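What follows is calculated from the coordinates using simple rules that are stated; it is not laboratory data. The structure displayed is predicted, hence computed values, not measured ones.
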Amino acid sequence: MSRLQYATDELTGTKHFVEVDESEDAIHWTSEQDVSGLVAWNRAQYNEHNGERWRELNKVASLPAIFVVKLMADGTLYDSKRLRRFLNDHGFRDLRTRPGHL
């Protein structure tokens, strides 16, 4: 399989690749984003949370652009129940900016 980077979005830090798999006679388009800075920023906000009660319009997470695109594509971003399930998932806790359960 050969992989070629064809674009970089400097604003989001997203790199876009095309992968050619001769064995399957297929072309795959993929994207990667370095989210380490965003995760560190989210963790700092999470740790600074003052225990304030939940109210309407609380910021609960900061999502990388690459996640937003995926959540839009699969419909999760437009379904409040699925979005809450995603944001409450322990595997994505590094995206959260405050503790609690939605």
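Checking the cross-link filter: which lysines have an alpha carbon closer than 26 Å to that of LYS15, excluding same-chain neighbours under 8 positions apart? Hits, sequence-local ones excluded: LYS70.
Evaluating 6.51 cos²θ - 1.76 cosθ + 1.60 at θ = phi - 60° for every residue in the range 85-92, the Karplus couplings come out as 4, 4, 5, 8, 4, 4, x, 10 Hz, glycine and proline recorded as x.
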